[in-house]
1. List every residue pair whose Cβ atoms lie under 7 Å apart, where the two residues are 6 or more positions apart in sequence or sit on different chains, the first residue falls within region 372-383 and is farther than 17 Å from Phe422 by Cα, and the second residue, located anywhere, is within 9 Å of the ligand (Cβ to nearest atom) and in a helix (DSSP H, G or I).
2. Only residues that are under 9 Å from Pro254 (Cα atoms) and part of a loop (DSSP other than H, G, I, E, B): list them for region 278-303, please.
3. So which residues in region 488-505 are free of Cβ contacts under 8 Å to residues at least 60 places away in the same chain and in contact with a strand residue (DSSP E or B) (Cβ under 8 Å, 6 or more places away or on another chain), if there are any at all?
4. When residues of region 201-234 are filtered for being away from the ligand (no atom under 16 Å from the Cβ), part of a helix (DSSP H, G or I), touching a residue at least 12 places away in the same chain (Cβ under 8 Å) and of a type outside the set (D, E, K, R), how many remain?
5. Can Arg496 be described as of a type outside the set (Gly, Ala, Ser), at pLDDT below 90, closer than 30 Å to Asp430 by Cβ and within 35 Å of the chain's Cα centre (by Cα)?
6. With a cut-off of at least 2 residues that are away from the ligand (no atom under 14 Å from the Cβ) and within 24 Å of Ala259 (Cβ to Cβ), name the helices (runs of 4 or more DSSP H) lying wholly within region 335-424.
7. Residues in region 321-332: is at least one more than 30 Å from Ile414 (Cβ to Cβ), open to solvent by 50 Å² or more (accessible area, probe 1.4 Å), modelled with pLDDT of 80 or more and in contact with a helix residue (DSSP H, G or I) (Cβ under 8 Å, 6 or more places away or on another chain)?
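The values are calculated or read from the model by the stated rules, or taken from the named source; none is laboratory data. Treat the numbers as computed from the prediction; the structure is a model and nothing was measured. All Cβ positions, glycine included, derive from the backbone under ideal geometry; neighbour counts span all protein chains shown. We work out accessible area using only protein heavy atoms, side chains counted, and drop any ligands, DNA or RNA first. Shrake-Rupley method; radii C 1.70, N 1.55, O 1.52, S 1.80 Å.
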Amino acid sequence: MENNNNNNSGKKPGKTNIPKFNLNWMYMIIAVMLVGLLLTNEGSSSNKEVSYDEFQGFVQKGYVSKVTGYDDSSVEASIKPQHVKEVFKEEVSKVGKNPLVLTEAPSRESLANFLEKERQEGHFDGNVKYDKKKELFMLIFWQSLPFLLIIGLWIFFFRRMSAGGGAGGGVFNVGKSRAQLFEKGGTSIKITFKDVAGLAEAKQEVEEIVEFLKEPHKYTDLGGKIPKGALLVGPPGTGKTLLAKAVAGEANVPFFSLAGSDFVEMFVGVGASRVRDLFKQAKEKAPCIVFIDEIDAVGRARGKNPSMGGNDERENTLNQLLTEMDGFGSNSGVIILAATNRVDVLDKALLRAGRFDRQIHVDLPDLNERKEVFGVHLRPIKIDDSVDVDLLARQTPGFSGADIANVCNEAALIAARHGKKFVGKQDFLDAVDRIIGGLEKKTKITTEAERRAIAAHEAGHAGLSWLLEHANPLIKVTIVPRGRALGAAWYLPEERQITTREQMLDEMCATLGGRAAEDLFLGRISTGAMNDLERVTKQAFGMTAYLGMSEKLPNLCYYNNDEYSFNKPYSEKTAELIDEEVNRIVNEQYARAKDILLKHKEQHNTLTELLIEKEVIFAEDVEKIFGKRPWASRSEEIMENEKQQKEAEAKAAAIKAEEN
Ligand code: ADP
């Protein structure tokens, strides 16, 4: 590595700085040619210099139509079109419309006398004009003004257009890559694998890349080829960029970072040119890493959408990218890392071995990983003893690394707002609530009747999720409006890898509990359930059309990830069946929800009253009303298992110690 750098810097002073040929030169040459044309081809007519005698001859023969005499005694004479041939010895078409004869008179007076004499003798009947000689510079200026204006305007608009994209800008830089470069000395990367929590498998995969960048010979000596690229696949905020930066930081090499959309510009051909420029720069800095975020912006499958022709530019860009990735030898030391969360829309050619050899999946963190992520982000925050990382990790299922970073920051801000010296547990819980549900809006005006309706609705959700075995366990219920929601019941989603039909049905039933409770206990239904209904309908559709879980269409999956297909992969008849099944599933669950709620009418009413009184209630309150749940939730099971395992390990260790 070090050697390499030295070599590079050693070469530079020796290089003479010959400007390279590029587009700028073309523009220059065109401009110079334009000006040249202007000067050589004045008025697009030819002129001829003659002696004063010859000029007098032309006047006497009656060829001259107009004469201009200048103050420096030079003379310009226009020739009548019918005599052009005799004077210029060429066709009119060659010499132009208004050819001039130029000469020098002895003085203005003699010219005036001569012309006066010829006029009287009937040889000359044209115009005579006396003028000041225009300066050459002014002449050029006035003649080229329109061209200068046009060129100026053109440059101005180019600048405006290309400056819109951010960095670089300028008419000459549209084709330049927009990659940001981080390297030693300047803006170097200080992120290492220590800053990336969890993601053990992904880290292991990329560690090999780091190994290679540090010691390429270890691999090449054995005849091994180095991976050209790796694709990081996963939902947003899970640390893909972070991982790529950590690779660069660990390997201590330059890091080019850009987004897929940086290639795209309104000019045709710019994308491809930017790809070329990026690879050229990268090769100069090799070994290095190029990171392309959101590669789906350029890497979408080609030619899938013939009806919309506007994709040509993107296709060109993609083709160029494919070519470049093939073009550099795998030992050149440029490694491409790319990130996307839509691997299904990427062009197959991009995914084949030899381009992105590896796909590294970066998933949402699970319980233990979240603990680690909290560990990383709590480092800079001053916390007190009440903060329990285990609890925080349990309270944040489905959060990405970025969400967790946000929670930590938000908690610190909340604590600061309250003038605290340290950030406490409650600040973190408030931050989680805020990130899930948006800001509390205590000032939103709700009438007593509305509050009652919201409470009954939320109590319906809460009661059902308590009473159904597979529904997500409840954390808390609130009727304080937050964000756009009027009330909310918060659950702890179980982090399952697979979901059974029973689980899905129980979840749907609990989701319908709100509408069912309104219907049963208030006697009228409201718009408040729209969100629930939407979710349930989608879920029922998914169960029927994609998961093969319905009775009439078992074991069939009509999933189709082709974005632009307007045809359904099933017949009209099947479409009707799907509708029927969706309808049936939702209705069944709705009836079930009503049934269960009716059986627990008393408890529901108590819960509603409690909600109206307290506004926020927790799982403990619900437990007091409905009794303990007979089923352990999955997370409880997992924790119980972990505990047992730890105890067993401790026992084994103790026995071993005794033996020793
Ligand atoms: P992505 O590129 O996957 O959308 P980023 O890598 O940009 O996500 O992550 C955004 C931020 O989230 C990071 O800067 C970091 O603060 C935080 N983050 C995400 N994942 C992790 C992780 N595994 N460990 C620590 N921090 C993380």
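1. Note: pairs meeting the criteria are Val373/Gly401; Val373/Ile404; Val376/Asp195.
2. Ala286, Pro287
3. Scanning region 488-505 gives Ala488, Ala489, Trp490, Tyr491.
4. Total meeting the criteria: 6.
5. Taking the combined requirement at face value, the residue satisfies it.
6. The qualifying helices (runs of 4 or more DSSP H) are 348-351.
7. The answer is no; no qualifying residue exists.
Every residue, every condition in (1) in the same structural domain as Glu135 (by TED's automatic domain parsing); (2) surrounded by 14 or more Cβ atoms within 10 Å (Cβ to Cβ); (3) modelled with pLDDT under 85, yes or no:
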| residue | (1), (2), (3) |
| --- | --- |
| Val59 | yes, yes, no |
| Asp71 | yes, no, yes |
| Ser78 | yes, yes, no |
| Gln82 | yes, no, yes |
| Val95 | yes, yes, yes |
